[in-house]
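Here's the structure, in structure tokens; my notes come after.
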Amino acid sequence: QAFALFVKAKEVPVASQCPAGGDGVRWRCCRQAFEELSGIHRHVALQHTADIEQQAGVTAPQTHAEETSSGSPDPAGKAGGLNGLSHSSPEISCMLPDTSHTSYDDLTCKVGEVLLYYCYCEVKDPEKLCAWQKALCQHLHLTGKVRVASEGINGTVGGSKVATKLYIEVMLSQPLFKDILCREDFKISAGGSHCFPDLRVGVFKEIVPMGIDPKIVSYKETGIHLSPQEFHREVKEYLSQASQGQSDTILLDCRNFYESKIGHFQGCLAPDIRKFSYFPSYVDENLALFKDKRVLMYCTGGIRCERGSAYLRSKAVCREVYQLKGGIHKYLEEFPDGFYRGKLFVFDDRYAICSNEDIISACRYCGTLWDQYKLCSSQHCRQLVLTCQSCRNKGLTACCAVCQEKELQMTSRASGQTLKEECECTQRRPRIPIEHVLQRMLEEGK
């Protein structure tokens, strides 16, 4: 009944739309026009389930599975009705793009793109921005992750090319991002909505989880941005000097070890850390390494360098701190065969995208060149493992011997117990590695 009433409320008299008496629009919702009953039914089922439940007096139970790693409720669910703003409210609906001239098939086409972007700016009402983002992504049938905070927004979303194009246009027209966000800030790669299991939109303290209060280390204190062309020249000069043992520069990878393992800049220093939240501690433990040095920093899309460079500068030990604008993503657009070798790790179901044919990593079992990640096959573990097809065919699908054994035990017990990262891969890895000498890095640069 609630569903039927909701649809009925969206009905528009044909005469008002088509005075001549022809077949006019019969339903209108979220600035979209529907001529067939099946069309409006499909739209309402996809976009307005929460509104119908609320109208019917039904509240969906909050389950443990809907909680995020931060311990807060699922961001996508949280955003739906904050501050009284459901995504069908007039205030939200008027901020959505008109898709009445776009077919459902064009919006949901499997052949699409993945967008990666961020924008640091002052957000006075993160909850409202979060609600709008959730509505916008659902409206365009996008999946992915969007983090909203008082310091800005960070997103990676996938969908059809029509949908991603509309998303970019709407984001650029949003007054909050005007004169800050530009078209070049969106990094685009082949993919689609299938690259993510679902849509997650939420409000957080930081738009990139470094674990430092943005009020203490602000994005406003960032390093000097270098274009891909400028960064390329700097790396070329650095490698030339490093080969002669004369460099006063450190080429610093701000990413996690499993990212740099399958692809990195030649001659870089890649910290053996598992999370970006460990980066500040890594800097603290290795201040002598950075003393009086010029630092060239880079990451996937540039956002980690914004906070990472600000933290490094706050220590007042480096002579200069530079960062690659747009990250590796933008560099590879300009220099696919430049100084970055291997694959670029991405945080979705693709795991990596490539620009060159180099393979710089190896199967953890047989040592053959291999760079295609898979999740550890043990139910209790969520680590990524490099194991070639030949080894996988032999049953070597876990990240380590401990996980391989636990997998056999759990299979025989069928307990269904799920744990995370309780294996030798984690136990043997120092949380914060200490770089005793820089010579190793320089030798690798040669």
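The values are calculated or read from the model by the stated rules, or taken from the named source; none is laboratory data. Because the structure is predicted, anything quoted here is derived from the model rather than measured. So basically every Cβ, Gly included, is an ideal-geometry build from the backbone, and we count neighbours across all protein chains shown. The area values use the complete protein model at the heavy-atom level, side chains included, leaving out ligands, DNA and RNA. Shrake-Rupley method; radii C 1.70, N 1.55, O 1.52, S 1.80 Å.
Values as computed for the structure displayed
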| item | result |
| --- | --- |
| Yes/no for residue 296 being more than 23 Å from residue 115 (Cβ to Cβ) and out of contact with any strand residue (DSSP E or B) (no Cβ under 6 Å at 6 or more places or on another chain) | no |
| Any hit, the range 165-188, residues being touching a strand residue (DSSP E or B) at 6+ places or on another chain (Cβ under 7 Å), assigned to a helix (DSSP H, G or I) and surrounded by 22 or more Cβ atoms within 10 Å (Cβ to Cβ) | yes |
| Selection count, the range 34-44, where residues are open to solvent by 30 Å² or more (accessible area, probe 1.4 Å) and at pLDDT below 80 | 4 |
| Unmet criterion (only one of (1) of a type outside the set (A, V, I, L, M); (2) surrounded by fewer than 20 Cβ atoms within 10 Å (Cβ to Cβ); (3) in a strand (DSSP E or B)) for residue 144 | (2) |
| Of all residues in the range 83-110 being among the hydrophobic types (A, V, I, L, M, F, W, C) and in a helix (DSSP H, G or I), the one that is modelled with the highest pLDDT | 107 |
| Sole residue being surrounded by 14 or more Cβ atoms within 10 Å (Cβ to Cβ), of a type outside the set (Phe, Trp, Tyr) and over 30 Å from residue 384 (Cβ atoms), chosen from 293, 220 | 293 |
| Residue among 298, 278, 282 that alone is open to solvent by 10 Å² or more (accessible area, probe 1.4 Å), assigned by the TED database to the domain that holds residue 342 and either in contact with a Lys or Arg (Cβ under 6 Å, 6 or more places away or on another chain) or not small (Gly, Ala, Ser) (or both) | 278 |
| Yes/no for residue 206 being modelled with pLDDT of 95 or more and loosely packed, with under 14 Cβ neighbours inside 10 Å | no |
| Number of positions in the range 301-333 that are aromatic (Phe, Trp, Tyr) and open to solvent by less than 10 Å² (accessible area, probe 1.4 Å) | 1 |
| Check on residue 248, surrounded by fewer than 21 Cβ atoms within 10 Å (Cβ to Cβ) and either within 25 Å of the chain's Cα centre (by Cα) or among the hydrophobic types (A, V, I, L, M, F, W, C) (or both) | no |
| Subset of the range 334-372 [within 25 Å of residue 115 (Cβ to Cβ), open to solvent by 70 Å² or more (accessible area, probe 1.4 Å) and among the acidic types (Asp, Glu)] | 334, 337, 349 |
| Residue in the range 118-139 that is free of Cβ contacts under 8 Å to residues at least 40 places away in the same chain, out of contact with any strand residue (DSSP E or B) (no Cβ under 6 Å at 6 or more places or on another chain), open to solvent by 40 Å² or more (accessible area, probe 1.4 Å) and not small (Gly, Ala, Ser) present | yes |
| Contacts under 9 angstrom Cβ, first residue in the range 373-384 being at pLDDT below 90, partner outside any loop (DSSP other than H, G, I, E, B) and of a type in the set (Ser, Thr, Tyr), 6 or more apart | 379/411; 381/426; 383/258; 383/426 |
| Residue check, residue 425 out of contact with any Asp or Glu (no Cβ under 8 Å at 6 or more places or on another chain), modelled with pLDDT under 80, closer than 29 Å to residue 276 by Cβ and surrounded by 13 or more Cβ atoms within 10 Å (Cβ to Cβ) | yes |
